[in-house]
Amino acid sequence: MGRKLAVIALGGNALLRGDQIGTIEEQEQNTTDTLENLVFLLEEGYNLIITHGNGPQVGNILMRNDAGEQLYGIAQMPVDICVADSQGGIGYMIERMFRNVLNSHGIKRNIVCIVTQVLVDSNDPAFSDPQKRIGKICSRDEAERLSREKGWVFREEIKVDGGFRRVVPSPVPVGIMNDNVIRELALNGHIVIAAGGG
């Protein structure tokens, strides 16, 4: 129980790089390479909590939503469900790759992934001025149509002239649900993957 605790944040781009197309093989290799760098912390007596970003991954989930709706009439899921989807998928991948890394080093530790809700302030200014760009880049006409049909907010894309992207609020977290469970698991020697996403 006398172990130190380290919280590690992996950016979404550490798992899926901008110059890659996003195959599972690419993401698994990136994840494995990243996790190899954490082995020394375990060897130095740390307990670990791992959190992660999800920018590229949740963007892909949103585009799959678009394709499913357009091609098959499948109802789109809201952003919070897409974030939970990304937490599950990314968490599963980190857990699986880390088990392989630990096995290769002869380290025996339990690893658990917790899909986590984050508490925010309903009065956070981000709700009245969304800035977080997500999903595909579209034309002005398409952005205006989607804004009318779905109530989405769009802003000009900073990377592509004449392009527009949907924006959503990115409020400041004020709490993490089940934080006591996450802490208890980690302090008891389990590697915990939690609070991933934006």
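Computed quantities for the displayed model
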read-out	value
Å² per residue, accessible surface of the chain at 1.4 Å	57 Å²
Trypsin sites (Lys or Arg not before Pro) restricted to region 135-185 and DSSP loop, no more than 12 other C-beta within 10 Å	LYS159
Percent of beta bridges antiparallel (DSSP, the chain, rounded to nearest 5)	45 percent
Reachable lysines, given that their alpha-carbon falls under 16 Å from the alpha-carbon of LYS159 and they are not under 8 places away in the same chain	LYS132, LYS136
Of the GluC sites (Glu not before Pro) in region 1-30, those whose Cβ has at most 14 other Cβ within 10 Å and which sit in DSSP loop	none
Carbon plus sulfur fraction of accessible area for the chain, probe 1.4 Å, in percent	52 percent
For ILE50, residues with placed amide H under 5 Å, excluding near neighbours	ILE8, VAL192, ILE193, ALA194
Where GluC sites (Glu not before Pro) fall in DSSP loop in region 31-102, at most 11 other Cβ within 10 Å	GLU44
Lysines with Cα under 19 Å of LYS108, excluding same-chain neighbours fewer than 8 positions away	LYS4
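The values are calculated or read from the model by the stated rules, or taken from the named source; none is laboratory data. Fair warning: this is a prediction, and the values are worked out from it, not measured in the lab. Virtual Cβ from ideal backbone geometry, glycine too; neighbours counted across all protein chains shown. Accessible surface is based on the protein model in full, side chains and every heavy atom, while ligands, DNA and RNA are left aside. Shrake-Rupley method; radii C 1.70, N 1.55, O 1.52, S 1.80 Å.
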